[in-house]
Each structure stands twice: as C-alpha cells, then as structure tokens.
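Participant: Shown below is the structure under consideration.
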Amino acid sequence: MSEKKYIDIEFSQLDSERMRLFMGPQHPSTHGVLQLEVELDGEIVTDLIPHIGYLHRCFEKHAENMTYPQIIPYIDRLDYISSMNNELPYVMGLEKMLDIQVSEKVEYIRVIFSELNRIANHQIAIATFGLDSGAFTPFLYYFRDREMILTIFEKASGGRLLYNYFWVGGLAADVHPTFKEDITEAIRIIRDTNAEILNLLLKNKIFIDRTANVGILPADIAISYGVTGPILRASGIPLDLRKAEPYSIYERFDFDIPVGNGEVGTVGDCWDRNIVRFREMEESCKIIEQALKTFPSQGDVRENVPKRIRLPKGEIYCKAENPKGELGFYIISDGKDKPERVKVRAPSFVNLSALPEMSRGYMFADLVMILGSVDIVLGEVDR
Amino acid sequence: MGLLNRLNDPIGLDGIIFGTVEDLLNWGRSKSDWYLQFGLACCAIEFMAVNASHFDMMRYGCIPRSSPRQADFVIISGTVTLKMADRLKRVYEQMAEPKYVIAMGSCANSGGPYWEHGYHVLKGVDRILPVDVYVPGCPPRPEALQEGLILLQKKIRMEEIFRKRKRLAEEDLANQMNYK
C-alpha cells in the first residue's frame, strides 16, 4: 500500500507567469488620454507604469513666445476643470513682481470665484468617480447643479469653461448686478444636492464595499512622493496652503480643513479621498457666504490693470491651493515683455506619480477606482 | 409625423406605405446613431455636459459606446497630439462602416490656440480622418455641439446607398476602360 503524502504548499509564494496589459489611452475610465502599463499576477496588480504625453500641448514653448497677459488663456487650458483657480497663482506672482496692489473688491471676487470653481471641480470629481463605480445618478444630479455655477461664471466673464477672467492687477470685467442673489441661490441648491448625494452615494453600502480599504496611501509615502491636495489630506495630514501660507485674503475667513480619518476603512483609502472632497465643498460654501457678507460693492475692478507689462529681471515662485493640490508657477524674467521661462508645478502630475504605490497588491478591477479617486486632469499632467 | 399621415391615407390601402428601402434605412440610421465615448481634452468636459441632465444627448437617440466596433460616429473632442493621432487613426479604423466623424472645437478643426507654436499638436484632425461636421468654438457651447449633431443626422438622412453603389460601379468601369 502506498502512503499518502501531504505536501505543504504556500500558495502565496507560488510565482505564476506575469501578464502585461495595456489600459488606455482609449478607455472610458482613464479620465482622458492616459496609458497604464499594468503587470498582473492573475488578477492582482503587481506593478504599474503610467505612460503620459498623449496631451502634451507645449505650454512652456507657448509661454516663451507670448507676452504675460497672453499666457493667461493657456493657463486656463492646463487644468480645464478649475480654470479660475489656475489663473490665481499666476496673476498673484506677477503682481508681486510688479508691486501692484489690487483693490479689496478684486480680492473678494477672486476668492469667491475660486471657491465656486473648487465646488464645480469636486462635483465633477465625485460624479465621475460615481460613474466609475457604476452609479449614474450622482453624475446627473451634480451636472445639473454645475450648470448653475457655470451660468454665474458666464454672466461675469463670458465663458462657460475657460474664462480668462483674472487679469494682472484686476479682473477682465465687473460682476453682474444679480451676482449676490445668484450665488446665494446656487449655494442653497448645492447644499440640498449634497445632502442627497451623501445618502445616495457616499453612505451607500455597495459604494463603501467597493471603496473602503482600497488603494490605501499611508501618510509617510504620500509625503515622500510630494503628494498634495485632497489626497494628502485624506491620508490624515491637514496641509492646506489657504491655512498654512495664507494668500490673497484667505486669513480673514473661518473654515476647517477636512482630513480623512478612516471612518469606514483605513486612513487614506478611496472612500476617504472622496469624503474629503465632499466636505471641502461645504467649507467652500462657508467661505463664499462669509465673503458675500462683507463684499464691497463699490470700486472699479480694472483701475490697476497696467497698460503694458514689462517685468523687472528676476524670478518668482508663486503657489496656491488648487482643487487638486499645490499649483505653482516658477516665472523667470529677463526684463522683456515675454518671460524667459514659465515652469508649472502641476499637482495632478505629482499625484499621478504615487499611483503605482497606491495600486500595488490590489485587484485589477480596483485599479479603475483608485485612478478615479486620484482625480487627475491630463491637460495638467502633460501640459 | 409623415409616417402616421401616410397610414391615415384616404385611399384605404390598409397600412401599406410607398417609399424606398433607402429612405427606411437612412431614417433608422439617423435616429439611432451610437457614438464612441472618447474624451481628449477640454472639449470633453463640455461633451460630458451635453451627455448629462441639462442637455441630454440621449434624446437624439445617441448612446455612448465604449468600444469602437459598436459605434457609428466619433466625436473628436479636443486637441489631437502627434502621439495620439496614431492611436486615433487606429481607433477610427476599428469602427464599422458606415462611420462618421464630428470634429469638436478649434483644436480638432485646425489646431486652435496651439496652431502657431504647438510642435506636438496635429493641426486639424482632417489631416488623418475624413471629417463630416466641424463644430467651431474653444470650447463650443453645448448648444453648438447639438447643432452639429443635428447636421450629422441630416447628412445621414441624405445618404445614398444603392444609387451610390450603381454610380460607383459605372465609374470603376470607366476607370478600367481608361487604363486599358
């Protein structure tokens, strides 16, 4: 009689043949034209290489050939979901170099419009994340509300998506007469919808099962990659440039910095990143309400706009808190009316570099969720 | 309502309609044109807005498809770079005939703001694909894209299938005769 032999096999140490799979650039959930080269062990992601450059639109080359005000439309097209936020650090940097003091009214309008655009950006971020996870309704609800914000922008600047509204030393045009009422009404409806979305999407059992404990980014790794914005705050670090290094008139307003605390899973998972964005919308509403209370309605928004901009020799790095993280412009001037170089520190690009760390060891189906929770815009990644 | 009016024909033909097969095919094609869900750049956000609740593209019979093999037309929504142009052409070649292209926005039409110094931008998508409808704007308003969509549907309704086949055969014949 033969004896039965029991052999101990550790299945986790069995190495199978790795498969390399290309995802994108034509893929409905890569949020644009991004190609991911994924190395798979069965269905588990072992390595990931993002291939970028499918939307490289030569921003720096354009910046070298344009005068300073002419660059602003190209800055709009970097992160095309939050154009108002993009323009802010650029014009602030130029104003600092030219030593221009802008009026109170201009500062207030800039803060109000930046925060409104932050809400619009987070609405798209959560809406498309819902689409990735299979929830179509939040997409429809959020896009319905977003139209209201876009209408306010359109009344003020003339553009729905790309504005060219913040000029050096002022604004392109004054706000429309019904500005305050429009925004008050918009905020009321945004809050109503958010209350609905919280129960519909974020506290949904299916959604929590899909996103909790997925794509965890620990705080130390996030810092070592230079990650900023909601992703860093979801990992538990309350760094927000509006509080840490206040610019414009942000120090006058009272608001909190929402951080992820692992309510349903672990700190820094996909659910935390979304709830941070969700709570930031409420904080933005608070800032806008406070700003509307003390809004100075008198004054000319174009009185300090210089006729011709010629920067002194020198260089400046100016940064601001974009909805996606720290957006900075490093401007080198050689005394002409065109910059010698404009370098962009793009938050999406830096955040994307942490994607391999986030997705290693998770299932391939979760990769779509992790990529969606990073909220990248390829216009800013590739520039 | 043309069809229903013909059904209420006073002659009393009991629901018999006179028309060409071409009309029927074109009518069917123009009212259910599925498009490839493919966003490239800024225009893709406006394109999403057209899909969403406020403008609601589905009421035209357009349903987003993720695979080019199921799509009737593609909306080139944004800047096409040289790196992307190669992929875009390959995606277009995977689509089944008859297929149509809408170029949305200045970048897809002509290179737009990136025309002068954009060393990596394709100056107009019509250099690689046959474009049917151009929608101007940077980005175009959603209403403009809807207008473009209606124009495309008109174009599909005027499509000639059998007549074209007949004509082409004659032309081919003539060409062959010339070669000899």
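The values are calculated or read from the model by the stated rules, or taken from the named source; none is laboratory data. All values derive from a computational prediction rather than experimental measurement. Counting neighbours? That spans all protein chains shown, and the Cβs are built from the backbone with ideal geometry, glycine included. Just so you know, the surface numbers come from the protein's heavy atoms only, side chains and all, with ligands and any DNA or RNA stripped out. Shrake-Rupley method; radii C 1.70, N 1.55, O 1.52, S 1.80 Å.
Participant: If I filter the range B:43-52 for residues that are at pLDDT below 85 and surrounded by 13 or more Cβ atoms within 10 Å (Cβ to Cβ), do I get at least one hit?
Facilitator: Checked the range B:43-52: no residue is at pLDDT below 85 and surrounded by 13 or more Cβ atoms within 10 Å (Cβ to Cβ).
Participant: Which pairs have Cβ atoms under 9 Å, sit 6 or more apart or on different chains, and link a residue in the range A:131-155 that is more than 10 Å from every other protein chain (Cβ to nearest Cβ) to one that is in a loop (DSSP other than H, G, I, E, B) and aliphatic (A, V, I, L, M)?
Facilitator: Cβ pairs passing all conditions: A:ILE152/A:VAL175; A:PHE153/A:LEU161; A:LYS155/A:VAL175.
Matching residues to (1) modelled with pLDDT of 90 or more; (2) not hydroxyl-bearing (Ser, Thr, Tyr):
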site: A:ALA173; (1), (2): no, yes
site: A:PHE179; (1), (2): no, yes
site: A:THR184; (1), (2): yes, no
site: A:LEU202; (1), (2): no, yes
site: A:ASP220; (1), (2): yes, yes
site: A:GLY236; (1), (2): no, yes
site: A:GLU251; (1), (2): no, yes
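Participant: Do any residues in the range A:259-278 that are under 20 Å from A:LEU239 (Cβ atoms) have Cβ atoms under 6 Å from those of residues that are charged (D, E, K, R), where the two are at least six apart or on different chains, and which pairs are they?
Facilitator: Between residues of the range A:259-278 that are under 20 Å from A:LEU239 (Cβ atoms) and residues that are charged (D, E, K, R), the close pairs are A:VAL259/A:ARG233; A:GLY260/A:ASP272; A:VAL276/A:ARG233.
Per-residue answers, yes or no, for (1) more than 9 Å from chain B (Cβ to nearest Cβ); (2) among the hydrophobic types (A, V, I, L, M, F, W, C):
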| site | (1), (2) |
| --- | --- |
| A:PRO28 | no, no |
| A:LEU34 | yes, yes |
| A:VAL38 | yes, yes |
| A:ILE44 | yes, yes |
| A:PRO50 | yes, no |
| A:LEU55 | no, yes |
| A:CYS58 | no, yes |
| A:THR67 | yes, no |
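Participant: Does at least one position in the range A:332-341 carry a residue that is in a loop (DSSP other than H, G, I, E, B), closer than 27 Å to A:ILE112 by Cα and open to solvent by less than 50 Å² (accessible area, probe 1.4 Å)?
Facilitator: Step one: filter the range A:332-341 for residues in a loop (DSSP other than H, G, I, E, B), giving A:334-340.
Checking the rest, the ones that are also closer than 27 Å to A:ILE112 by Cα come to none.
Scanning the range A:332-341 turns up no residue that is in a loop (DSSP other than H, G, I, E, B), closer than 27 Å to A:ILE112 by Cα and open to solvent by less than 50 Å² (accessible area, probe 1.4 Å).
Participant: Inside the range A:17-63, can you point out the residues that are open to solvent by less than 30 Å² (accessible area, probe 1.4 Å), within 20 Å of the chain's Cα centre (by Cα) and on the phi > 0 side of the Ramachandran plot?
Facilitator: Across the range A:17-63, the qualifying residues are A:GLY32, A:GLY53.
Participant: Just to be sure before I move on: is A:GLU107 touching a His at 6+ places or on another chain (Cβ under 6 Å) and either within 12 Å of chain B (Cβ to nearest Cβ) or closer than 30 Å to A:LEU94 by Cβ (or both) in the structure I sent?
Facilitator: no
Participant: Now, a different point. Can you pull out the residues in the range A:317-354 that are in contact with a Lys or Arg (Cβ under 6 Å, 6 or more places away or on another chain) and closer than 22 Å to A:ILE249 by Cβ?
Facilitator: A:GLU321, A:PRO323, A:GLU326, A:GLY328, listed by residue number.
Participant: Between B:MET48, B:MET58, which is part of a helix (DSSP H, G or I) and facing chain A (nearest Cβ under 8 Å)?
Facilitator: When all the criteria are applied, what remains is B:MET48.
A quick yes/no check of all residues on (1) in a helix (DSSP H, G or I); (2) crowded, with 24+ Cβ neighbours inside 10 Å; (3) at positive phi; (4) modelled with pLDDT of 90 or more:
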{"site": "A:PHE278", "(1), (2), (3), (4)": "yes, no, no, yes"}
{"site": "A:LYS286", "(1), (2), (3), (4)": "yes, no, no, yes"}
{"site": "A:PRO306", "(1), (2), (3), (4)": "no, no, no, no"}
{"site": "A:ILE316", "(1), (2), (3), (4)": "no, no, no, yes"}
{"site": "A:LYS343", "(1), (2), (3), (4)": "no, no, no, yes"}
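Participant: Right, another one. Identify the residue in the range B:25-40 that is within 9 Å of chain A (Cβ to nearest Cβ) and at pLDDT 85 or above and, among all such residues, is nearest to B:LYS99 (Cα to Cα).
Facilitator: Looking at residues that are within 9 Å of chain A (Cβ to nearest Cβ) and at pLDDT 85 or above, I get B:LEU36.
Participant: Show me the helices (runs of 4 or more DSSP H) entirely contained within the range A:164-253 in which 3 or more residues are open to solvent by less than 10 Å² (accessible area, probe 1.4 Å) and of a type outside the set (Lys, Arg).
Facilitator: Numbers: elements: A:179-197, A:205-211, A:219-225, A:230-234, A:241-244.
In the range A:164-253, A:179-197, A:230-234 are the helices (runs of 4 or more DSSP H) which contain 3 or more residues that are open to solvent by less than 10 Å² (accessible area, probe 1.4 Å) and of a type outside the set (Lys, Arg).
Participant: Here is a follow-up. Residue under question is A:LEU311, and the condition is that it be outside any helix (DSSP H, G or I), within 24 Å of the chain's Cα centre (by Cα) and either within 20 Å of A:LEU88 (Cβ to Cβ) or of a type in the set (Gly, Ala, Ser) (or both); does it hold? Please lay out each step first, then the result.
Facilitator: Values: outside any helix (DSSP H, G or I): yes; within 24 Å of the chain's Cα centre (by Cα): no; either within 20 Å of A:LEU88 (Cβ to Cβ) or of a type in the set (Gly, Ala, Ser) (or both): yes.
No.
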